[in-house]
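Peer 1: For reference, the structure I am asking about is given below.
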Protein chains: 2
Amino acid sequence: MNQFNTVIIGGGPAGLGLAYPLHSAGQKVAVVEENKWGGTCPNRGCDPKKVLLGAVEAQVKSDQLVGRGLNQTPQINWPQLMKFKQTFTDPVSDNSRAGLVSAGIEVFDGHASFVDEHTLSVGEQTITADRFVIATGQRPGRLNVPGDEYLLTSTDFLSLPTMPAKIAFIGGGYIAFELAAIAAVAGAEVHIIHHNERPLKQFAQAAVAELMNQLEAKGVQFDLNVETQSIKREADQTVIQAPNYELTVDQAFVTSGRVANADTLNLAAIGVEADRHGIVVNDHLQTAQPNIYAMGDVVAKRIPKLTPVSGFEAAYLSQELVESGAAIHYPEIPTVVFGMPRLAQVGISWQTAQEQSDKYRSQVSDMTNWFTYKHLNEPLAKAWMVVDKQTDQIVGATVISNEAETLVNYLTQIINTGQTMKQVKEQVFLYPTEASDLEYLG
Amino acid sequence: MNQFNTVIIGGGPAGLGLAYPLHSAGQKVAVVEENKWGGTCPNRGCDPKKVLLGAVEAQVKSDQLVGRGLNQTPQINWPQLMKFKQTFTDPVSDNSRAGLVSAGIEVFDGHASFVDEHTLSVGEQTITADRFVIATGQRPGRLNVPGDEYLLTSTDFLSLPTMPAKIAFIGGGYIAFELAAIAAVAGAEVHIIHHNERPLKQFAQAAVAELMNQLEAKGVQFDLNVETQSIKREADQTVIQAPNYELTVDQAFVTSGRVANADTLNLAAIGVEADRHGIVVNDHLQTAQPNIYAMGDVVAKRIPKLTPVSGFEAAYLSQELVESGAAIHYPEIPTVVFGMPRLAQVGISWQTAQEQSDKYRSQVSDMTNWFTYKHLNEPLAKAWMVVDKQTDQIVGATVISNEAETLVNYLTQIINTGQTMKQVKEQVFLYPTEASDLEYLG
């Protein structure tokens, strides 16, 4: 009897985040997964990346203090670091699947394809449901040039058995910046190849320039305005070719964006609109087919595709699919490039503040010589703040430093609660910390 | 013409924090200092301690990952660390004094003593003023036992040219815990001697027990129920004697509390009440003598004596002394024991929550196996949360972890803005960070 109230396609953070509450609410629920249970984040995304970055961070923070109280820099032992990473990633899929099973939620392994709006095929099986929720996420995009098949992906990077001596990332988005920082500290010669002059375009340009400087200081080379035209594999090396450009590396990784896993579900047959950017939904996460919803990274949306956003959407649908209610309303969504240093931002962008200077007050604070950063001998700490002139409320921030995520999390809370600079200054935080600097920022 | 509107006695964070705004408001202002300009925090308190702790933290965080991606542990080079510390402390006094002078604020070097309520002697000079603000801070308390003069203080610790092989702290308060963590990681054998069974009594007992376990794992020995009766210095060693107890160390430090610098100002002669705990003020920081105020660590008060509290009081008086207004109203004041790990707390105490279980819901979360901490291989992370049952608002927290100050700063803001657990869960924070765990805490 493969008949369900709700079938969720995709067993990642979004899918799991919805399955349990719907089950608890009394629905008969199934989840379908064709790859690793648990999805991108814990298997081949944020979590393993952060494990690698933990060692990188300890290395960098020690290195900064060598000659200033520490006698030597620890070095990354990549194969050992991989083993440590595997202690996190190896159990994820089995544990995620087993958790669903033991809760009484049905699981199906295999590729899903719609037969009609109430019927799904999963491999040899057929499932019917009142409602489907698509949460199939994204996969690494390809370059679609001759030799593209020689390019590895971020998934491959996170499982590299050894760190090659020389590598390149093709496509200068946040994945390239994060993995480049890891690889450079682990000892590789690293190139980031980008097709125009403006990598990491969703972040404030001045801040990106600073981050590029910092990565260059760690040996990362930026090859800008390079439109890759072909890839060759010769003598265990990868050759990247572009007009007036050729680079030979041990391995090259395609990091030119991610593609929605919406193209193999037979969506067109059931009237669900989707393209490379994802599935089109209304503000109830509902597709054009009223009994079919989508959430997480597979959705076409302007807000960042992040694990906590998936969690937020799953929490929303866990209400919406039990009793229909209000449209989804997103809070401020901060974003970060986890590297060394980190680059993080939230709220109204620096560029918007410059363009609307009648409305916004903008302030740059070079915090490098502030005690918080100087006592750790950090090379750079800087904040670009946006304050609403009329209300004195903090409405946006971009921060670069080794601890930028901490400051931006504080600022996210400040923005969410509508605090003015006056209210920030009236609070007392632990001293000295990033928070005790907040009063000087706006 | 040594006649002023306001004379501030004490050039520390409180005094400097008040002098500038009063001067800007048009007052004729002077500041008196008999020791180092800048006061305790930047010269012999929070700042140098945090510099030492920066290297300790980098060492500990690297050590945790040796065998898990890092090849070796950096070691503390104490003399080199001292030199790095001095780059922060050496310029403080001159710069602090010069800043006042260049702003046009008069400075007096020397010991202050009241002649009458409008007249102060400073060395050979006499100053008169409409109003005085006492901000003389505290100094390390003494033990008052035979041989007390052989005991060094926290000030001495922060300038130790070399780290002795074996040391003891007499008195188990937060200073002892912080310095013990530093000394242990720097390679010393460390004892903390405490007169009863309950060191660090202002923190939740269960949390202190965990911190003691962590310090013991780093080699710190706790000698409890030891009432020190005499000190001897023999053959370059210090011998601490108590009933049924004798300990010989290279150096011993008295860390049994701090004493208000209120006893040498001739306060009795002008009717200002003060004792060992400080100067008595009303809720306008005004003493019994209406034209004499006090702020900062020298004030007798229940709230913690911390640098940001001094700053808060200076900001309050900078308004109050220009136009009389409302009584001072303190926000939530978080406190921290900066060690490895840190222990931090804010708001309603765990003990109060246990005693008033009709009113408060309390929840312990062992976070050690949560990704945030496990990916850094931290030995312990734990949170004790207090939630108001009626409002669902977070009202108190105690946290132990290497990053406890970050989590407690978030929680301070949550408490200050009166957020409920529901409101916390509706926010999106950068993942994975301490903030993205907040939704699981209450």
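Peer 1: So which residue, out of B:ASP236, B:ASP223, B:ASP148, gets the largest mean-square fluctuation from a GNM of chain B using Cα contacts under 10 Å as springs?
Peer 2: B:ASP236
Peer 1: Given springs between every Cα pair under 10 Å in a Gaussian network model of chain A, which of A:GLY11, A:GLY257, A:GLY69 has the largest fluctuation?
Peer 2: Maximum fluctuation in the GNM of chain A, among the listed residues, is at A:GLY69.
Peer 1: Another one. What are the radius of gyration and Dmax of the stretch A:341-440, computed over its Cα atoms and given in Å?
Peer 2: That works out to 12.9, 38 Å for Rg and Dmax.
Peer 1: Would you kindly work out, in nm and rounded to one decimal, the distances from the label point of B:THR119 to those of the same position in each other copy, ordered shortest first, with label points 7 Å along Cα-to-Cβ?
Peer 2: Spelled out, the distances from B:THR119's label point are 10.5 nm.
Peer 1: Work from the charge dipole of chain B (Cβ charges, +1 for Lys and Arg, -1 for Asp and Glu, about the Cα centre) and give the residue of B:THR368, B:GLY45, B:TYR174 farthest towards its positive end.
Peer 2: B:THR368
Peer 1: Still on this structure, I have one more. Using a Förster distance of 41 angstrom, determine the FRET efficiency expected from the C-beta separation of B:SER365 and B:LYS83, and round it to 0.05.
Peer 2: My answer for the efficiency is 0.50.
Peer 1: Oh, and also: At a threshold of 8 angstrom on Cα-Cα distance, excluding pairs fewer than six apart, so keeping six or more, what relative contact order does the stretch A:341-440 reach in percent?
Peer 2: Contact order relative to length: 29 percent.
Peer 1: State the Kirkwood hydrodynamic radius of chain A in Å, one decimal place, computed from all pairs of distinct Cα atoms.
Peer 2: 23.6
Peer 1: From the phi of every residue in the stretch A:84-89, what ³J(HN,Hα) in whole Hz does the Karplus formula 6.51 cos²θ - 1.76 cosθ + 1.60 yield, where θ is phi - 60° and glycine or proline is x?
Peer 2: 5, 4, 5, 5, 8, 7
Peer 1: Per residue of A:327-336, what is the mean number of Cβ atoms on other protein chains within 10 angstrom of that residue's Cβ?
Peer 2: What the average comes to for A:327-336 is 3.
Peer 1: Turning to a different aspect of this structure: What is the angle, in °, between the Cα long axis of helix A:174-185 and the longest principal axis of the Cα atoms in chain A? Nearest 10 is fine, range 0 to 90.
Peer 2: 50
Peer 1: Given only helices, namely DSSP H runs of n ≥ 4 each adding -39500 (n - 2.57), what is the per-residue ellipticity at 222 nm of chain B, to the nearest 500 deg cm²/dmol?
Peer 2: Result for chain B: -8500 deg cm²/dmol, rounded to the nearest 500.
Peer 1: Right, here's the next one. To one decimal place, what Kirkwood hydrodynamic radius in Å is obtained for the protein assembly as shown from all pairs of distinct Cα atoms?
Peer 2: It works out to 29.9 Å.
Peer 1: Determine ³J(HN,Hα), in whole Hz, for all residues of the stretch B:69-77 in sequence, where each value follows from phi through the Karplus function 6.51 cos²θ - 1.76 cosθ + 1.60 and θ = phi - 60°; x replaces Gly and Pro.
Peer 2: x, 10, 8, 7, 9, x, 10, 6, 9
Peer 1: To continue, here is another question. What ³J(HN,Hα) values, in whole Hz, does the Karplus curve 6.51 cos²θ - 1.76 cosθ + 1.60 give for the stretch B:429-442 when θ = phi - 60°, with x put for Gly and Pro?
Peer 2: Result, ordered by residue: 10, 4, 10, x, 9, 4, 6, 6, 8, 3, 5, 9, 8, x Hz.
Peer 1: Between copies, how far apart are the A:ASP236 label points? List them in nm, one decimal, shortest first, with each point 7 Å from Cα toward Cβ, please?
Peer 2: 5.7
Peer 1: Sticking with this one: Would you please name the GluC sites (Glu not before Pro) within the stretch B:207-238 that are DSSP coil residues with at most 13 other C-beta atoms within 10 Å of their C-beta?
Peer 2: For GluC sites (Glu not before Pro) across the stretch B:207-238 that sit outside H, G, I, E and B with at most 13 neighbouring Cβ atoms in 10 Å, the list reads B:GLU227.
Peer 1: What dipole magnitude, in Debye to the nearest 20, does the protein assembly as shown give about its Cα centre under +1 on Lys/Arg Cβ and -1 on Asp/Glu Cβ?
Peer 2: 460
Peer 1: While we're looking at this one, here's another question. Counting only other chains, what is the mean number of Cβ atoms within 10 angstrom of the Cβ of each residue in peptide A:368-375?
Peer 2: Whole-number average of other-chain Cβ neighbours for A:368-375 is 3.
Peer 1: Oh, and also: Which far-off residues, 5 or more places away or on another chain, put their amide H under 5 Å from the one on B:VAL31, with H placed in the peptide plane?
Peer 2: Under 5 Å from the amide H of B:VAL31: B:ILE8, B:GLU106, B:VAL107, B:PHE108.
Peer 1: Please report how many Lys pairs in the stretch A:341-440 have alpha carbons closer than 20 angstrom, counting only residues at least 8 apart along the chain or sitting on separate chains.
Peer 2: Lysine pair count for the stretch A:341-440: 6.
Peer 1: Moving on to the next point. Among A:GLN319, B:ASN2, A:PRO243, whose Cα lies farthest out toward the positive end of the dipole of the protein assembly as shown, if unit charges sit on the beta carbon of Lys, Arg (+1) and Asp, Glu (-1)?
Peer 2: Among A:GLN319, B:ASN2, A:PRO243, the one farthest towards the positive end of the dipole of the protein assembly as shown is A:PRO243.
Peer 1: Then there is this: Using the alpha-carbon atoms, what tilt in degrees (0 to 90, nearest 10) does helix A:307-320 show relative to the longest principal axis of chain A?
Peer 2: For helix A:307-320, the angle is close to 40 degrees.
Peer 1: As an exercise, use a Förster radius of 51 Å and the Cβ-Cβ distance of A:HIS284 and B:LYS218 to find the FRET efficiency, rounded to the nearest 0.05.
Peer 2: My answer for the efficiency is 0.40.
Peer 1: Considering only B:PRO91, B:LEU224, B:ALA274, whose Cα is most displaced toward the positive end of the charge dipole of chain B, charges sitting on Cβ of Lys, Arg (+1) and Asp, Glu (-1)?
Peer 2: Working it through, the farthest residue towards the positive pole turns out to be B:LEU224.
Peer 1: Percent of Cα-Cα pairs more than 19 Å apart in the stretch A:148-256, please.
Peer 2: The share of Cα pairs beyond 19 Å in the stretch A:148-256 comes to 38 percent.
Peer 1: Give me the one-decimal nm value for the distance between modelled label points at B:GLN72 and B:THR264, 7 Å along each residue's Cα-to-Cβ direction.
Peer 2: It works out to 4.8 nm between the two label points.
Peer 1: Is there a simple number for the mean count of other chain Cβ atoms within 10 Å of the Cβ of residues in B:403-411, and what is it?
Peer 2: 5
Peer 1: Which value in Å is the Kirkwood Rh of the stretch B:330-382 over different Cα pairs?
Peer 2: Averaging 1/r across every pair of different Cα atoms and inverting gives 13.2 Å.
Peer 1: Can you compute the charge dipole magnitude of the stretch A:341-440 about its Cα centre, using +1 on each Lys and Arg Cβ and -1 on each Asp and Glu Cβ, nothing else charged? Give it in debye, rounded to the nearest 20.
Peer 2: Computed about the Cα centre, the dipole is about 100 debye.
Peer 1: Search the structure for amide H atoms under 5 Å from the amide H of B:ALA381, placed 1.01 Å from N in the peptide plane, and list their residues when 5 or more places away or on another chain.
Peer 2: Here the answer is B:MET367, B:THR368, since their amide H atoms fall under 5 Å of that of B:ALA381.
Peer 1: May I pose another question? Length gain on complete extension for the stretch B:GLN356 to B:VAL322, per 0.36 nm per residue less the alpha carbon to alpha carbon distance?
Peer 2: Difference between extended and current length: 8.0 nm.
Peer 1: To continue, here is another question. Nothing charged except the Cβ atoms of Lys and Arg (+1) and of Asp and Glu (-1): what's the magnitude of the dipole of the stretch A:288-381 about its Cα centre? Round to the nearest 20 debye.
Peer 2: For the stretch A:288-381, the charge dipole is close to 220 debye.
Peer 1: Sticking with this structure for a sec: For the stretch B:233-316, which trypsin sites (Lys or Arg not before Pro) are in a loop by DSSP, counting at most 11 other Cβ atoms within 10 Å?
Peer 2: Answer in residue order: B:ARG302.
Peer 1: Tell me the GluC sites (Glu not before Pro) within the stretch A:265-322 that lie in a loop according to DSSP and have at most 10 other beta-carbon atoms within 10 Å.
Peer 2: The qualifying sites: there are none.
Quick note: the coordinates plus some simple rules give every number you see, no bench work behind them. The structure displayed is predicted, hence computed values, not measured ones. For neighbour counting, all protein chains shown are included, and Cβ atoms are generated from backbone atoms with ideal geometry for every residue, glycine included.
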